[in-house]
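So the structure is just underneath, and the comments pick up after that.
The values are calculated or read from the model by the stated rules, or taken from the named source; none is laboratory data. As the structure is a computational prediction, the values presented were derived from the model and not from experiment. Neighbour counts are summed over all protein chains in view; Cβ atoms, including those assigned to glycine, are modelled from backbone coordinates with ideal geometry. The protein model used for the area step is the full one, side chains on, heavy atoms only, and it has no ligands, DNA or RNA in it. Shrake-Rupley method; radii C 1.70, N 1.55, O 1.52, S 1.80 Å.
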Amino acid sequence: MPAEIYLNVAVGGLLTGLVYGLMALGLSVIFGVIRVVNFAHGEMMTIAMYIAVALFSAFKLDPLVMLVPIAAVLFALGYVMQAGLINPFINRPEHSQFMLLVAVALIMVNGLLIIFGPDARNVQTSYSFDSFQIGPLIVDATKVYAGAAAITVAAALFAFFRFSYLGQAIRACADNYTGALVVGLDVKRLYALTFGLGAACVGAAGAILVLIIDVTPPLGPAYTLLAFVIVITGGLGSMPGALLGGILIGMTEAMAGLFFTPSAKSMFAFGILVVVLLFRPQGIMGRKAA
Amino acid sequence: MIARMIEGVPLRGLLLSGVLLATLLAAPFFINDYLLTILIIILYFAYTGQAWNIMMGFAGQLSLGHALYVGLGAYTAAALYVHYGVSPWIGIFAAIPVAMIAGAFIGFLAFRFSVAGVYFAILTIAFAEFARVGFDHFTWVGGSSGFFLPVANYTENDLWNLRGKPIMFYYLILALTVLAFFICNFLLRSRIGYFWLAIREDEEAARALGIDVFRYKMYAVVLSAGLTSLAGVFFAFFYNNLFPEQVFHIARSIELILAPIIGGVGTLFGPILGAFLLTGLSETMHAILHAFGVDIPGAKQVFYGICLLFVVLLMPDGVWPWVARKLGITEKRS
Amino acid sequence: MTTLLSVAGVSKRFRGLVAVDRVSLDVQQGEIFAVIGPNGAGKTTLFNMIAGAFANDEGSIVFDGQRIDGLKSDQICQRGIGRTFQIVKPFLGLNVEENVVVGALLRRHDMKSALARAHDVLRQLDLYDKRAQSASALTLPDRKRLEVARALATDPKLLLLDEVMAGLRPTETNRMVDIFRALNRDTGLTIVLIEHVMRAVMALASRVLVLHHGAQIAQGVPADVVRDPAVIKSYLGAEAVH
């Protein structure tokens, strides 16, 4: 095989990895602040993907154009989920929270199955088969746009947490729950906002991902697992870690698909997870748990 | 021994258990094969739920990858039978150790490096997924296109090779369920049970009381894996076909833990009650939908989801503790 | 008298911060020994090193003639050191009796004798009547007593008590003092306690070690220690007037 192929696959994996990273970023933000592990994360992303597919097939609306509205819908879903369902579970044992979100996930994935059926759906844009050529490097246009969109959304989120008052308040909640209560922050609302933001991330990631991957209902649980693998690899609760983990896993999967068989690629992702859990349980960028 | 098993159970509880057992023993003479198959499924989940409960309910270690042990047990016994004609009764002596070694390996890695809570749960999923993809490419047992047991003489009940009618499988799984119940009851009332509960409640305090936490967690995972693998052997010989995509899938692992969670984590009757509730309700709904000529894929799972949602919202400790209070037979140790 | 516990020059650093700085102490068989000092003086860290929750960076700890530093906390408990936690850690999902049975099972393999031992300990600590209550239903004073009962059920030669009187009312403190005195007198149990309640320290301890910023500033009989100018300056202050 010529060397360019490796490079092409690696760059493709990197760009897909950025979208994975954005999805995982949502999970990481939610866990980092609320300390709840969203076991319905991938399912929420497939909801976003189906919304994008439905909008495209009905009105020919480009998923990238609809990225913000779709993210807004998911934000609302996340906000309502946190405020209505999850909030009473904040101080419950982990397995209890887990069961709640598994129930939500089950309803979501099978609800999608009932509505959209088991067949794969996709979006065929005018640029679906375009590609860019830079020297020997050939990259799909969709992947370039996807990667760029993912970086933009992630950057916006970083800026929000860094510079806005609300973002700083949320970070204060994450650092010191009681302290946040004492200084009069409305923690319940901030938690709902955070879950909404995490959901918006995954919504944006879904709108982007539908450009490069066909969506089926079982993709939900698969992406929930993938998001876990990424955030644990990168460091649960670390925002840069999620992006880095996404890139790492995206590239690993792409290379594994090239060297071995695409059907075995998730084995390599899980292999990385096992190694990370054993030798650096806090993840690559994670802080050691107190 | 028997006196010790029933020690501490109130009389009313014993009586009710006796009636339940007698009903289950007599059931095949009164119901048709369809209902019998449903009872088999219920008992299957009661059994696996009991086995999972040792890890989560007793020792407090959340395993979300128990399909791994079912699958290893199923594939080991099935492969020995198909390739070498080995009876499953001999096969279990390979199936149990294989699952136990897998459990010990995961446990050793996780507990040595103090991987706990959510991280442990995800590690268990990772290993089950690992096995799923691995078995997809394991051609000796059929790979992704499935592994099939010969289904020839269905007229005779051949207990030695587990070839036969549902009634044979029914009594087999009933025996397993009863066995698992007594094993769990015995464990919970013994030294190891107390140490598990201490670990579940507070590891640091348990350690300060001289409990070798690592060792007792290992006992829990190994025992749970071994018991779960027997369910796998049963699964293989009952269904006669194995697909990695189904056997090791995360959905199977979740299915296994629904019954004990709905019934009540850490209780002895919880897994049994949960299995009856879950399978009973879902089959009822299935029958109703069928009667109206509606066949929607996914409807059953949505129903599962809604049930689960209600249970976790309204009865966070599970249904059994509530039922037990109503019946006046709260489970009590010592 | 023989030395039961001998701590020699132990230190513990957390990210460069010295929590315990070359502390030494010897506890005699059958003695009640107190460790006092202001908050953050390193008392609990010292306990955690003796009990094996933390590894010490320097020095050695010898218990009953054998080095125990480097052992894990369960091994140390098996050697005969029982401990309580400053922030109590009852097994909330179990009842009072079951909590204590867990401790009693360390040296007993059959339930009957473990239960008998648990009942003895529960009687000693006035918890027998509450044995069927859930640990989560106990008040703080009861939880502190449960913490002691559980540790005692493991049949320790040495009991480490980390602020078991804190938050108790004076009558309850007196009751606890009586209990420990009786235990010490009747069973020869050696006790090392961390305590802020000076009244209890004065009533119980035969010798006192004072820690300040991780270092020991005084050691001796209680009456001398409370008159030590360095101790008064750094810690006792107004409390010494009592």
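Note on the range C:62-175: enclosed helices (runs of 4 or more DSSP H) holding 2 or more residues that are within 14 Å of chain B (Cβ to nearest Cβ), of a type in the set (Gly, Ala, Ser) and within 20 Å of the chain's Cα centre (by Cα) are C:96-104, C:140-152.
Residues that are within 14 Å of chain B (Cβ to nearest Cβ) and small (Gly, Ala, Ser) within the range A:236-250 comprise A:GLY237, A:GLY245, listed in sequence order.
Can you find a residue in the range B:140-147 that is in contact with a strand residue (DSSP E or B) (Cβ under 8 Å, 6 or more places away or on another chain), buried (at least 16 other Cβ atoms within 10 Å of the Cβ), outside any helix (DSSP H, G or I) and at pLDDT below 95? Scanning the range B:140-147, I find at least one residue that is in contact with a strand residue (DSSP E or B) (Cβ under 8 Å, 6 or more places away or on another chain), buried (at least 16 other Cβ atoms within 10 Å of the Cβ), outside any helix (DSSP H, G or I) and at pLDDT below 95, so the answer is yes. Checked against the criterion of being in contact with a Ser or Thr (Cβ under 8 Å, 6 or more places away or on another chain), buried (at least 18 other Cβ atoms within 10 Å of the Cβ) and within 14 Å of another protein chain (Cβ to nearest Cβ), the range C:186-194 contains not a single residue that satisfies it. Comparison of B:ILE125, B:ILE192 shows that the only residue that is farther than 22 Å from B:ALA236 by Cβ and within 14 Å of chain A (Cβ to nearest Cβ) is B:ILE125.
Table: residues versus (1) modelled with pLDDT under 90; (2) open to solvent by 10 Å² or more (accessible area, probe 1.4 Å).
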site: B:ARG112; (1), (2): yes, yes
site: B:PHE130; (1), (2): yes, yes
site: B:VAL133; (1), (2): yes, no
site: B:LEU149; (1), (2): yes, no
site: B:TRP160; (1), (2): yes, yes
site: B:LYS165; (1), (2): yes, yes
site: B:TYR171; (1), (2): no, yes
site: B:ALA175; (1), (2): no, yes
site: B:ILE183; (1), (2): no, yes
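Comparison of B:ALA225, B:ALA208 shows that the only residue that is under 19 Å from B:PHE45 (Cα atoms) and crowded, with 21+ Cβ neighbours inside 10 Å is B:ALA225. Within the range A:108-118, restricting attention to residues that are at pLDDT 90 or above and more than 7 Å from chain B (Cβ to nearest Cβ), the residue that is farthest from B:ALA259 (Cα to Cα) is A:PHE116. Scanning the range B:310-330 for residues that are open to solvent by 70 Å² or more (accessible area, probe 1.4 Å) and either closer than 22 Å to B:LEU43 by Cα or in contact with a Pro (Cβ under 9 Å, 6 or more places away or on another chain) (or both) yields B:ASP317, B:TRP322, B:THR330. Would you be able to say whether some residue in the range A:188-200 is surrounded by fewer than 17 Cβ atoms within 10 Å (Cβ to Cβ), of a type outside the set (Phe, Trp, Tyr) and at pLDDT 85 or above? For the range A:188-200, residues surrounded by fewer than 17 Cβ atoms within 10 Å (Cβ to Cβ), of a type outside the set (Phe, Trp, Tyr) and at pLDDT 85 or above: present. Within the range A:251-279, the set of residues being without any contact (Cβ under 8 Å) to a residue 12 or more places away in the chain and either touching a Cys at 6+ places or on another chain (Cβ under 8 Å) or more than 10 Å from chain B (Cβ to nearest Cβ) (or both) comprises A:PHE259, A:PRO262, A:VAL275. Mind listing just one residue for me: the one in the range B:236-279 that is of a type in the set (A, V, I, L, M) and away from every other protein chain (no Cβ under 14 Å) and, of those, surrounded by the most Cβ atoms within 10 Å (Cβ to Cβ)? The extreme case among them is B:ALA236.
Among the residues of the range A:86-107, none is identified as open to solvent by 20 Å² or more (accessible area, probe 1.4 Å), more than 8 Å from chain B (Cβ to nearest Cβ) and under 17 Å from B:TYR304 (Cβ atoms). Inside the range B:166-222, residues that are in contact (Cβ under 8 Å) with a residue 24 or more places away in the chain and either under 18 Å from the mean Cα position of the chain (by Cα) or farther than 24 Å from B:ALA110 by Cβ (or both) make up a count of 25.
State whether the residues of the range B:286-309 include one that is buried (at least 20 other Cβ atoms within 10 Å of the Cβ) and over 20 Å from A:VAL102 (Cα atoms). No: zero hits. Scanning the range A:138-148 finds one or more residues that are among the β-branched types (Val, Ile, Thr), modelled with pLDDT of 80 or more and open to solvent by 30 Å² or more (accessible area, probe 1.4 Å). Being in contact with a helix residue (DSSP H, G or I) (Cβ under 7 Å, 6 or more places away or on another chain), free of Cβ contacts under 8 Å to residues at least 24 places away in the same chain and β-branched (Val, Ile, Thr) holds for only one residue in B:VAL115, B:VAL98, and it is B:VAL115. If you check A:THR216, A:THR224, A:THR233, A:THR178 for being within 14 Å of chain B (Cβ to nearest Cβ), surrounded by fewer than 24 Cβ atoms within 10 Å (Cβ to Cβ) and β-branched (Val, Ile, Thr), only one passes: A:THR216.
Where helices (runs of 4 or more DSSP H) fall entirely within the range A:114-201, those with at least 1 residues that are in contact (Cβ under 8 Å) with a residue 12 or more places away in the chain are at A:141-163, A:165-175. Within the range A:211-228, residues that are under 16 Å from A:ILE272 (Cα atoms) have Cβ atoms under 6 Å from residues that are β-branched (Val, Ile, Thr) in these pairs: A:PHE228/B:ILE122, counting only partners at least 6 apart in sequence or on another chain. When B:ALA95 is tested against (1) assigned to a helix (DSSP H, G or I); (2) open to solvent by 10 Å² or more (accessible area, probe 1.4 Å), only condition (2) is not met. Residues of the range C:13-37 that are over 18 Å from C:ALA205 (Cα atoms) and open to solvent by less than 30 Å² (accessible area, probe 1.4 Å): C:ALA19, C:VAL20, C:VAL23.
Here's a check for you: in the range A:1-54, which residue that is among the aromatic types (Phe, Trp, Tyr) and within 14 Å of chain B (Cβ to nearest Cβ) is least open to solvent (accessible area, probe 1.4 Å)? Here the residue is A:TYR50. Within the range A:280-290, being more than 10 Å from every other protein chain (Cβ to nearest Cβ), open to solvent by 20 Å² or more (accessible area, probe 1.4 Å) and under 20 Å from the mean Cα position of the chain (by Cα) holds for A:ILE284, A:MET285.
The residue pairs whose first member lies in the range C:198-216 and is in the same structural domain as C:LYS12 (by TED's automatic domain parsing) and part of a helix (DSSP H, G or I), whose second member is of a type in the set (D, E, K, R) and open to solvent by 10 Å² or more (accessible area, probe 1.4 Å), and whose beta carbons are closer than 9 Å, counting only pairs six or more residues apart or on different chains, are C:MET198/C:GLU239; C:ALA203/C:ARG181; C:LEU204/C:ARG181.
Taking the criterion of being in contact with a Leu (Cβ under 7 Å, 6 or more places away or on another chain) and within 9 Å of chain A (Cβ to nearest Cβ), the only residue of the range B:310-319 that qualifies is B:VAL312.
Among the residues making up the range B:98-110, those that are open to solvent by less than 20 Å² (accessible area, probe 1.4 Å) and either within 11 Å of chain A (Cβ to nearest Cβ) or touching a Lys or Arg at 6+ places or on another chain (Cβ under 6 Å) (or both) are B:ILE106, B:ALA110.
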